[in-house]
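Undergrad: First the structure, which I've put down as structure tokens, then a few questions once you've had a look.
The values are calculated or read from the model by the stated rules, or taken from the named source; none is laboratory data. The shown structure was predicted, so the numbers you read here are calculated from the model rather than taken from an experiment. Using ideal geometry, Cβ is built from the backbone for each residue, glycine included, and neighbour counts are taken over all protein chains shown. With ligands, DNA and RNA removed, areas are computed over all heavy atoms of the protein, side chains included. Shrake-Rupley method; radii C 1.70, N 1.55, O 1.52, S 1.80 Å.
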Amino acid sequence: MKRIAAIMAGGYGERFWPLSRRDRPKQLLPLTNSGRTLLQDTIHRVEALVPPEHVYVATTAALANHVAEATPEVPAERIFSEPAKRNTAGCLAWVVAVLQSRLGDEDAVLAVLPSDHYIRKQEAFERTLKLAFDQAEEAGLVTIGVRPTRPETGFGYIQIGGGEGAVHEVAAFHEKPNSVRALEYLDSGQFLWNSGMFFWKLSVFHQQLQQVDPAYDETIEKMTDLLRHGSMEEARAAFETLPDISIDYLLMEKAEQVYVVEAEFEWDDLGTLASLEAVLPIDPNGNASRGSTLLVDAANCLVVNENPGIRVCALGVEDLVIVATGDTILVLPKDRCQDVRMVAQEAERAP
């Protein structure tokens, strides 16, 4: 059975500003020690399970050229540019329509992978993905969950139901919790972090979507037919009628047969600047840094300096994030990293 991977690379990553910009978003940054961008890391990681010719990248029209330049290993015909911003459901609707128009194989199994995650333990990653592919070939929609290591409020959660080994039925999906609820989830042992990775046969995807939102599924089939006959503009027009909604809200939370495979690998979604601590060395005082920096009598700080012309120094401070780029310096308490998008949006409006 054919296995395909689609890597979602259309996000802006506002919470990573000022490192992440609209023309150089988080997934196109070399944040790990591999020397590759996060997107290239994802492509490299999945090619152990999916033939390179079956690996696709889904992005936006605004980023398509930047993605192509950053990933010379992916031919232009395997970079999909969605017509408009319609959240993850829209992205995947376009991916499914394009793949069906080209392949005509509804028994193919599609893996959907975010492009901006940090994953360690490649062999464990491969074992987990194999289980997810195997389950998707057998039955249902499949996702991957990560065993929580802390009461994280920045991730969604999956409540597990019955099952054996690493594969469980999904009892429920839960939105990002407050700190009290996150601790309850951690202590219960019945909740996993939602990794945002999905696996399904194209035929099962349609079957499940038809049950929860027939009109949405009909639009995907319409786009498929239009693309198959070369009617790109009409297919784009059909796409633009879709609502702006996530695949979790549209399908995963409502579908009847949903399974979660518990990850063996180490994972972080690098959702905020503070999460860079997962990829940077930590000094004895708990500070993480990159670039030309000097920290004196400082503790639990994150300092990233991308400007080779300056040195960033910090004295007598704790729990700060300091980021310096060629045109911006950002300073904030570490516990406000979820709010960085507020500054990013204001900076775009400012003259």
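A quick yes/no check of all residues on (1) within 30 Å of Leu103 (Cβ to Cβ); (2) in contact (Cβ under 8 Å) with a residue 24 or more places away in the chain; (3) in contact with a helix residue (DSSP H, G or I) (Cβ under 6 Å, 6 or more places away or on another chain):
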position: Arg24; (1), (2), (3): no, yes, no
position: Pro30; (1), (2), (3): no, no, no
position: Ala58; (1), (2), (3): yes, yes, yes
position: Ala62; (1), (2), (3): yes, yes, no
position: Glu69; (1), (2), (3): yes, no, no
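Undergrad: When you go through Val323, Val260 one by one, which is the residue that is closer than 30 Å to Ala132 by Cα, touching a residue at least 12 places away in the same chain (Cβ under 8 Å) and not in a loop (DSSP other than H, G, I, E, B)?
TA: On the way: Val323 fails: closer than 30 Å to Ala132 by Cα.
Exactly one residue qualifies, and that residue is Val260.
Undergrad: Taking the options Glu277, Glu264, name whichever one is closer than 24 Å to Gly162 by Cβ and open to solvent by 40 Å² or more (accessible area, probe 1.4 Å).
TA: Glu264 is the lone residue from the list that is closer than 24 Å to Gly162 by Cβ and open to solvent by 40 Å² or more (accessible area, probe 1.4 Å).
Undergrad: Still on this structure, I have one more. Within the stretch 241-255, identify whether any single residue is surrounded by 16 or more Cβ atoms within 10 Å (Cβ to Cβ) and of a type in the set (Ser, Thr, Tyr), and answer yes or no.
TA: Checked the stretch 241-255: at least one residue is surrounded by 16 or more Cβ atoms within 10 Å (Cβ to Cβ) and of a type in the set (Ser, Thr, Tyr).
Undergrad: Any idea which of Val57, Val46 is touching a strand residue (DSSP E or B) at 6+ places or on another chain (Cβ under 8 Å), at negative phi, at pLDDT 90 or above and surrounded by fewer than 23 Cβ atoms within 10 Å (Cβ to Cβ)? I'd like the intermediate steps shown before the answer.
TA: Details: Val57 fails: surrounded by fewer than 23 Cβ atoms within 10 Å (Cβ to Cβ).
Exactly one residue qualifies, and that residue is Val46.
Undergrad: Okay, moving on. Is it true that some residue in the stretch 77-86 is among the basic types (Lys, Arg) and in contact with an Asp or Glu (Cβ under 6 Å, 6 or more places away or on another chain)? Outline the logic, then answer.
TA: Going through the stretch 77-86, the residues among the basic types (Lys, Arg) turn out to be 78, 85-86.
Pick out the ones that are also in contact with an Asp or Glu (Cβ under 6 Å, 6 or more places away or on another chain) and you get 86.
Yes - at least one qualifying residue is present in the stretch 77-86.
Undergrad: Show me the strands (runs of 3 or more DSSP E) entirely contained within the stretch 87-156 in which 3 or more residues are over 20 Å from the mean Cα position of the chain (by Cα) and hydrophobic (A, V, I, L, M, F, W, C).
TA: Strands (runs of 3 or more DSSP E) meeting the threshold: none at all.
Undergrad: Which count do you get for residues in the stretch 323-351 that are farther than 17 Å from Tyr12 by Cα and either open to solvent by 20 Å² or more (accessible area, probe 1.4 Å) or in contact with a Leu (Cβ under 6 Å, 6 or more places away or on another chain) (or both)?
TA: 12
Undergrad: Kindly establish whether Leu209 is within 25 Å of the chain's Cα centre (by Cα), among the aliphatic types (A, V, I, L, M) and either surrounded by 17 or more Cβ atoms within 10 Å (Cβ to Cβ) or part of a helix (DSSP H, G or I) (or both).
TA: Here the answer is yes, as Leu209 does meet what is asked.
Undergrad: Just to be sure I understand, how many residues within the stretch 113-141 are under 11 Å from Trp267 (Cβ atoms) and of a type outside the set (Ser, Thr, Tyr)?
TA: 7
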